[in-house]
Structures are given as structure tokens and as C-alpha cells.
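Below you'll find the structure, written out as C-alpha cells, and then a few comments.
A short reminder: the numbers here are calculations on the coordinates, not readings from a lab. Everything numeric here is computed off the predicted structure, so don't read it as measured data. Every residue, glycine among them, receives a Cβ derived from its backbone with ideal geometry; neighbour counts consider all protein chains shown.
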């Protein structure tokens, strides 16, 4: 099925690379008018150019999702650019490099801010535009870290992201369910996704474009847990996001879907 997003205006945060870039390109091929938001303007402009070269309609707007004023300004510009907002993919985020109990306060606050506060800031700013449009669909980026633990031996052998990242993504899960409850009367659906071993620039060691040359930072741990062989790629996640914002999922809300190759415990 093609043109699943014809006439829709979609905002994608962190659309400058990885999963955000892949989703922006897929949305454009499905007929959406795409707004890419990111801090790194050079990367965002490159994605914008690539989509336009392929015939898609797209606009890059610089935005720091952790800065409330930046978000309000960017969303206002997005709404005025194409006249409405129908779809939001809260993709921007990232982890820290240190671990509890050594993680410093400033790093903890920074990671919480971009992942959790950013999801709140952007969705809050988009919400009235979706109400005005008669409804919409929001997808929030979580992580398998939100629902799984680690052990001292696992951490020692495979490593892990920062405690702030785990806490932030658990918060995103809860916020997703809360927002979905608030959106019911306004025809706004809110769902989340939890990627596992996905080959993105931020999580890859080696060459990401070479399936045999690049390796996920936590490849060993994921390979032990997965039911099917990995890794996954941004397009795998983009396909799920497309489904969740299209009319094909019109009766789905308040769900958080794992996309992780299958693990023995699903929550």
C-alpha cells in the first residue's frame, strides 16, 4: 500500500540521522509533508536536500528539544509552514557515558532533559495543532532499557547505557500512556516504540553502511537475548512508526511496542 500519509504533515525530532532520517525519508515517499527538527543544522540540511532530490516535500527547522523556548518557536514555525500538524515522532534522545553511582548530576539532568522533558515539551506544543486538525498520531521513542534490568556480570561483560537513560525511557513509557488517555476525546492516538539492537550512528562501532563491518555497541548482549538474528536497521523501525501513524492502526493507542528481534521476556 502506497501514499499512506497523503495530505499529512509530520514532525520528526532528531530527523538528521539514524532512525529519524530513515523515518523522514519513508514518510516523504508515503506522501507526507515532513518537518525535520534537530540541533545539527548541517546534517539536517543534508537530509532535507536528499529528500527533495527524490521528489519529497520537506523542511528543516533547527530545534533543541530540551529547550522549551526553542521548541515553542520551532513548532510555531512548523505549523505555519504547512498549515497544520497531523503526525509527531518524538525521536530525539540519547544516553550518557558514565554509570551509577558515578554518574554526575549534570549528566543525569542532561539525559533526562533531552529524552523525557523533550518529549513533553514537543508534544505539548504540537497538541493544540492536532486538536485543531481534528486528530493526530504521536509516536514516542522509548527503549528496551525502560523495562529490563542488568546484572553485575552483564554490565561487566557487555556494558550498558547510563542510569539516566534507563530512567528517562521508563518515564517516556509512563508519559505515553498518560498522553494517550488525554488524547481519546480529541482523536489523538499516542503510542511508543522500544528498539533493541538497531544500527544507528550513535550506537554503532565500525562502518554502519557495511552490515559485515559495523557492530552495535551492545552486540554481544543483544545476540544472547534475541530470538531472531540481528541487528536491525533504521528502516525496520521506520516501518513500525509508519504503521503506528497511518490509518492502518486507527484502533491502536497507549501501546508500547518492542522492536528488538524478540527476547525471552516481553513486557
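At-a-glance table
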quantity	calculated
For the chain, built as a Gaussian network whose Cα springs stay under 10 Å, the top-fluctuating residue of 144, 87, 34	144
Cα Rg over Rh - the chain, Kirkwood	0.95
Computed [θ] at 222 nm, helices only, for the chain once each DSSP H run of length n ≥ 4 contributes -39500 (n - 2.57)	-13000 deg cm²/dmol
The chain: antiparallel DSSP beta bridges as a percent of all, rounded to 5	5
Cut-off 19 Å, label 7 Å out along Cα→Cβ of residue 6, residues of the stretch 49-65 by amide N	55-58
Cα long-axis angle, helix 234-245 against the chain (0 to 90 degrees, to the nearest 10)	50
Nearest-ten-degree value, helix 68-82 long axis tilted from longest Cα axis of the chain	50
Kirkwood Rh, Cα atoms: Rg over Rh of the stretch 19-89	0.94
Largest to smallest principal axis extent of the C-alpha atoms in the stretch 1-145, angstrom	49, 31, 27
Highest average packing first - 43-51, 188-196, 166-174, Cβ atoms within 10 Å	188-196, 166-174, 43-51
For peptides 89-101, 18-30, 71-83, sequence by mean Cβ density within 10 Å, most packed first	18-30, 89-101, 71-83
Helix axis angle, 118-133 relative to the chain longest principal axis, alpha carbon, degrees	30
Choice from 141, 37, 225 showing the highest fluctuation, given a GNM over the chain with Cα pairs closer than 10 Å	225
Percent of Cα-Cα distances greater than 11 Å, calculated over the stretch 1-42	58
